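The values are calculated or read from the model by the stated rules, or taken from the named source; none is laboratory data. All values reported here derive from a predicted model rather than from experimental measurement. Using ideal geometry, Cβ is built from the backbone for each residue, glycine included, and neighbour counts are taken over all protein chains shown.
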Ligand code: BG6
């Protein structure tokens, strides 16, 4: 990296420019895939739902436009709704038009990939018909017998659908020489340790671990993938990346969105299941894990699991010293009045579901002993911001103590995940002038600076990796279990203890969370 001070500009803003090329990055990069992809059929269970129209079809369409789909390739939508192929195409066209401008010249070719079959998730004969129909499509379109089953259905149907697929011969036994079969599962993977184990048991009756792709869309974000690159492709960070130099770390995912139309799910989940059990745990693992032996899925997962297993169990007796739970009240977001969580459609008027949580966790190993990690997430906060802030220790002795009235701020390395996709290092310099004064400056690297290639949206990356059979950016079951083992006792206290109503602090929408947490903005800015 080449840090350059730009002449005539504010000395506080110093930017990085790539050193190895004058060419815009990404130009001329045609192929998004590492090699030729196997032909296959992508089967969406839950094709009439929200996930299909908001995420899956737009991502597949974008991959299609970028010539990143296998050839031949088909998409077979399945759900309980009775619909023809044409009806499904019309619906998906509307969905794409909603998501952005649709190119009329490319649509007919994409539409030809779309097919539809009606199924009932617990009805074996309808899955048998699906299996026969897939065989016919294989014959007609030469899709090679390979299948990906995406479960875009409510989690309560996962086990039923996996059993129906398995009984129709579309799981492990399918792989006997006919092609491969993969199953894609969306979070939540259970609602506690016990249910996660039950779900896994059912999935494994019909699919092997290497056939199961458990999605966490955070892992597919460019800036999240960059965490390991930043840590392990540079030698300057590693010597400092431990308890000797790091004072504390905060990992924050703040949102302005409320519960939207998802009250049915969110009332059961709350922020701890919705954001902590998955996204925040992954950010924590990427920040703290040891270097894997190589970047293959299993060595990386092994290192993450070691972190999860080293999480210090929560002290039940001092619970409130380690946790802040909150729920949003009325307030203003982007200048508009918004209702309280309890006034949202589908939410109980006396709901105790937390929409905000901050927990302080420790990792009991040599590298991180004694370093607090503050994990925070909340809905209806002042702004959308996801960031990891590594705060280094204060200098041990200040030679400036006589000239400065105040202390010297510790250095910080801020990994901005979204919307500020940048890395910032804060440090002290001398303010130009006759007198000695310090100036705190930021050195910024903007992630997409000078990049002109196609920006892969998280779902595009996920689906692409699944088509390639690359499991690096997915959850492995032992990681899920280790995280549930850590979070389940916390959830139990939040949901069952006698004073759960007193534990919940209300905050105004558009604020930075409960009053008790005045220091949140300070942690993320
Ligand atoms: C999802 C949660 O997994 O992540 C949502 O279910 C949340 O409640 C979303 O809004 C946040 O994702 P992002 O990418 O917008 O930070």
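Worth a mention:
- In segment 104-115, the residues that are outside any helix (DSSP H, G or I) and surrounded by 11 or more Cβ atoms within 10 Å (Cβ to Cβ): 106, 112, 113, 114, 115
- Test result for residue 466, buried (at least 20 other Cβ atoms within 10 Å of the Cβ) and either touching a helix residue (DSSP H, G or I) at 6+ places or on another chain (Cβ under 9 Å) or under 24 Å from residue 202 (Cα atoms) (or both): yes
- Taken over segment 233-251, the residue count meeting the criterion of being buried (at least 16 other Cβ atoms within 10 Å of the Cβ) and away from the ligand (no atom under 14 Å from the Cβ) is 6.
- Complete set of residues in segment 375-387 that are over 18 Å from the mean Cα position of the chain (by Cα) and assigned to a strand (DSSP E or B): 381
- Filtering segment 154-166 for residues that are touching a strand residue (DSSP E or B) at 6+ places or on another chain (Cβ under 7 Å), surrounded by fewer than 21 Cβ atoms within 10 Å (Cβ to Cβ) and farther than 27 Å from residue 297 by Cα leaves an empty set.
- Residue match in segment 399-411 (condition: at pLDDT below 95, in a strand (DSSP E or B), under 30 Å from residue 510 (Cβ atoms) and away from the ligand (no atom under 16 Å from the Cβ)): no
- Unique match (being in contact (Cβ under 8 Å) with a residue 12 or more places away in the chain, surrounded by fewer than 21 Cβ atoms within 10 Å (Cβ to Cβ) and within 25 Å of residue 261 (Cβ to Cβ)) among 67, 98, 55: 98
- Unmet requirement for residue 460, which otherwise passes all of (1) in contact with a strand residue (DSSP E or B) (Cβ under 8 Å, 6 or more places away or on another chain); (2) assigned to a helix (DSSP H, G or I); (3) more than 20 Å from residue 286 (Cβ to Cβ): (1)
- Of the candidates 225, 282, 268, the single residue that is at pLDDT below 95, assigned to a helix (DSSP H, G or I) and within 15 Å of the ligand (Cβ to nearest atom) is 268.
- When residues in segment 163-193 are screened for being in contact (Cβ under 8 Å) with a residue 40 or more places away in the chain, in a helix (DSSP H, G or I) and more than 21 Å from the chain's Cα centre (by Cα), 5 of them pass.
- Near pairs, Cβ below 7 angstrom, 6+ apart or cross-chain, from segment 386-408 (closer than 16 Å to residue 442 by Cβ) to any residue that is within 16 Å of the ligand (Cβ to nearest atom) and at pLDDT below 85: 387/524; 389/524
- All positions within segment 132-145 that are modelled with pLDDT under 95 and closer than 23 Å to residue 203 by Cβ: 145
- Some residue of segment 360-373 being more than 18 Å from residue 489 (Cα to Cα) and not in a loop (DSSP other than H, G, I, E, B): yes
- Here residue 237 meets the list (1) in contact with a helix residue (DSSP H, G or I) (Cβ under 9 Å, 6 or more places away or on another chain); (2) closer than 21 Å to residue 358 by Cα almost entirely, failing just condition (2).
- When the criteria are applied in full, residue 314 meets the requirement of being in a loop (DSSP other than H, G, I, E, B), away from the ligand (no atom under 16 Å from the Cβ) and either in contact with a strand residue (DSSP E or B) (Cβ under 6 Å, 6 or more places away or on another chain) or closer than 23 Å to residue 505 by Cβ (or both).
For every residue, the table says whether it meets (1) under 26 Å from the mean Cα position of the chain (by Cα); (2) free of Cβ contacts under 8 Å to residues at least 12 places away in the same chain; (3) more than 23 Å from residue 193 (Cβ to Cβ).
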site: 299; (1), (2), (3): yes, yes, yes
site: 304; (1), (2), (3): yes, no, no
site: 314; (1), (2), (3): yes, no, no
site: 317; (1), (2), (3): no, yes, no
site: 325; (1), (2), (3): yes, no, no
site: 328; (1), (2), (3): yes, no, yes
site: 336; (1), (2), (3): no, yes, yes
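- Evaluation of residue 218 against the conditions (1) within 9 Å of the ligand (Cβ to nearest atom); (2) part of a helix (DSSP H, G or I); (3) more than 21 Å from residue 476 (Cβ to Cβ); (4) at pLDDT 95 or above shows that the sole unmet condition is (3).
- Scanning segment 116-130 for residues that are under 32 Å from the mean Cα position of the chain (by Cα) and either without any contact (Cβ under 8 Å) to a residue 24 or more places away in the chain or surrounded by 15 or more Cβ atoms within 10 Å (Cβ to Cβ) (or both) yields a count of 7.
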